[in-house]
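Visitor: Got a structure here, written out as structure tokens. Questions coming.
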Amino acid sequence: MPQHFVAPPQWEWYIVWYFFLGGLAGGAYLIGTLLRLLGDARDQRVARLAFLVAFLAMVICPILLTLDLGHPARFWHMLVNSRTGALNFKYWSPMSMGAWALLGFGLFATLSFIEALVQEGRLRHGLARGIADVMGGVLGRLFMVLGALFGLFVAGYTGVLLSVSNQPVWSDTWALGGLFLASGLSVGAATLAIVTRARVDAPTTERKLSRADRVFIVLELVLLAVFFATLGALAGRLFAPRWLVLWVLVAVGTLGPLLMYRAPGAGRRGSPVLAGWLVLLGGLALRIVVIFGAQI
Amino acid sequence: MTEVHARAQEHTASELDRMIPDESELTAGVKIEPGRSYGFFTDTTLCIGCKACEVACKEWNQLPGHTPKFLDGFDNTGRLDDQNWRHVQFHERSTPKGGAAWSMMSDVCKHCSLASCMEVCPTNAIIRTEFDTVYIQPDVCNGCRDCIAACPYAVIGFNEKTGLAQKCTFCYDRLQNNLMPACAKACPTESIKFGDLSEMRTVATTRLQHLKAQGVANAQLYGEQEYGGLHALFLLTDKPEAYRQPNTANAVLPSRNNVRGYLGSLVTAVLGVVGAVIAFRQRGEEG
């Protein structure tokens, strides 16, 4: 069994919520992009909602990260060396990569957000219309694909960040990046399912979201199994009595929606919304138990 | 010696009154010069647990310390952190004749040649100095605490008041003024030795051979192999893990998980996107 004599970094609630919202934003942006590129006219309203959701979740992320710093006013030290003025880019440090990725994703998410607002008729400024015109063309499609790649990175690198350490549990597995990414995709799809039901009448798109979330949940369950398999006996640390309620939530937030999405008549009643909320709860519980469980 | 950070070349003149010129040469027989590698050799068989090193460190570095706690044995320090840059560990052991004995070890930052903290630090606040030691620049650190997650020796602590990650500086300011580190200076039994790193390795090896010849079969050196060679060598009389130090097999860098971590994410991303595309194109269930 690996030896660990480390101190915990005291990454707590700001980081839990950042990991959750980063996954949600990345997942929602990817789904928005796929609906835009592969969907039909009926899907476009939900695609726009996806970009709105992605932006709103994304914009909170740097605030949470800044508040978590010991010196919030030095947030820019992540990107620029305060002594030399040179850029700080360390590809071998996930935190450095993540800072740049969040900046890049922020750019894509903001422009897609503006385009969505223009298309929804909520923004009529000339510059915004110009952006929307560009985003509606071939360049815009390429732009969205790039944004989706950044979104995928933001959703997944958080797990790699934990693994690239010497902390117990985190550094004893390589599966956290994939696990958080799968969970982020699922959370993104679930959020869109909830928002769609509340704001748009788009039953066919809702069914698409449910089918996609089913895939994401299966992926998440497979990665959970890989996570435990790679940890071996160390996984016991995460199953201390204090964490059991959270694991129950993770189970309910994965298996529950999986069954609900498969149930006859799913999509016609309120089940996708309930399933969505369970996914969100499970995704949050997963991050809480992984982040706190290894540090306490 | 590994690459020296540019800032470390900005060698400032002493602000101290040099009451004793070249103090380190006179007391430790060590000439302190930029561009050379320095290290500690801590011989735990000579440690009497007096904690003079802890006190000297706190005095010199103006560390107020925490409120003392009554812990097991004589240890009321607990662990290395932002306030404790030296920590005398007390371990009670049974002797071959059925008695009990203390094993003491003055723990400190190892100033690893391949430093985990330096590897992950996103702001480049952690640098290698002109003395080949590892130093956290307080004006650059933003308190992200990634270094704390990475350090395998639990050396670095987060200071709530300053908002910074803090650890032993190897008395960087003293070295720049030809003064040996305060802990080594204060150690009354010379359990903590300071000097040129290669010289420290020689002293440690000689001492090990001496102890082995005396019949101390379990004597061993710690720090020659780990993390490219530590700048704080220890002579131990038990396995490293008994002193809360990872053994050679477990002395690994955080970056070992980079490729496989990202690879896992990449495979997940591909499967997720392909799965979503299939789910979006599937028409069987649509009304």
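The values are calculated or read from the model by the stated rules, or taken from the named source; none is laboratory data. All of these numbers come straight from a predicted model, not from anything done at the bench. Backbone-built Cβ (ideal geometry, glycine too); neighbour counts: all protein chains shown.
Visitor: If I ask for residues that are surrounded by 23 or more Cβ atoms within 10 Å (Cβ to Cβ) and not aromatic (Phe, Trp, Tyr), which ones from the stretch B:144-156 would you list?
Guide: Across the stretch B:144-156, the qualifying residues are B:Cys144, B:Arg145, B:Asp146, B:Cys147, B:Ile148, B:Ala149, B:Ala150, B:Cys151, B:Pro152, B:Val155, B:Ile156.
Visitor: Let me ask another. In the stretch A:160-175, which residue that is more than 7 Å from chain B (Cβ to nearest Cβ) and in contact with a Phe, Trp or Tyr (Cβ under 7 Å, 6 or more places away or on another chain) is nearest to A:Phe292 (Cα to Cα)?
Guide: It comes out as A:Leu162.
Visitor: Being more than 23 Å from A:Gly70 (Cβ to Cβ) and not aromatic (Phe, Trp, Tyr) is the requirement here; does B:Asp173 meet it?
Guide: no
Visitor: Picking from B:Asp43, B:Asp17, which residue would you name as being modelled with pLDDT of 70 or more and acidic (Asp, Glu)?
Guide: Only one candidate qualifies: B:Asp43.
Visitor: Just checking, which of A:Leu69, A:Leu30, A:Leu38, A:Leu34 is modelled with pLDDT under 95 and at the interface with another protein chain (Cβ under 9 Å from one of its Cβ atoms)?
Guide: A:Leu38
Visitor: Just name the residue that is nearest to B:Gly228 (Cα to Cα) out of those in the stretch B:73-118 that are crowded, with 16+ Cβ neighbours inside 10 Å and of a type in the set (Lys, Arg).
Guide: B:Lys110
Visitor: Can I ask one more? Give the residue, chosen from B:Leu197, B:Leu179, B:Leu208, that is more than 17 Å from the chain's Cα centre (by Cα) and more than 22 Å from B:Gln89 (Cβ to Cβ).
Guide: Unique residue meeting the criteria: B:Leu179.
Visitor: Might you check whether a residue that is within 9 Å of chain A (Cβ to nearest Cβ) and crowded, with 24+ Cβ neighbours inside 10 Å occurs anywhere in the stretch B:171-191?
Guide: no
Visitor: I need the full set of residues from the stretch B:140-155 which are in a loop (DSSP other than H, G, I, E, B) and within 7 Å of another protein chain (Cβ to nearest Cβ), in order please.
Guide: Residues satisfying the conditions are B:Val140, B:Asn142, B:Gly143, B:Cys144, B:Arg145, B:Cys151, B:Pro152, B:Tyr153, B:Ala154.
Visitor: Further, regarding this structure: Looking at the stretch A:253-260, is at least one residue modelled with pLDDT of 95 or more, farther than 30 Å from A:Gln10 by Cα and among the β-branched types (Val, Ile, Thr)?
Guide: No, there is no match, as no residue in the stretch A:253-260 is modelled with pLDDT of 95 or more, farther than 30 Å from A:Gln10 by Cα and among the β-branched types (Val, Ile, Thr).
Visitor: Next question. Of everything in the stretch B:192-224, what is touching a residue at least 60 places away in the same chain (Cβ under 8 Å), loosely packed, with under 15 Cβ neighbours inside 10 Å and not in a loop (DSSP other than H, G, I, E, B)? Give them in sequence order.
Guide: Selection gives B:Ser198 alone.
Visitor: Another one. How many residues does the stretch B:38-95 contain that are in contact (Cβ under 8 Å) with a residue 60 or more places away in the chain and part of a loop (DSSP other than H, G, I, E, B)?
Guide: Here the count works out to 10.
Visitor: Just checking, which of A:Val222, A:Val289 is under 25 Å from A:Ser165 (Cβ atoms), more than 14 Å from every other protein chain (Cβ to nearest Cβ), touching a helix residue (DSSP H, G or I) at 6+ places or on another chain (Cβ under 9 Å) and of a type in the set (A, V, I, L, M)?
Guide: That would be A:Val289, the only listed residue that is under 25 Å from A:Ser165 (Cβ atoms), more than 14 Å from every other protein chain (Cβ to nearest Cβ), touching a helix residue (DSSP H, G or I) at 6+ places or on another chain (Cβ under 9 Å) and of a type in the set (A, V, I, L, M).
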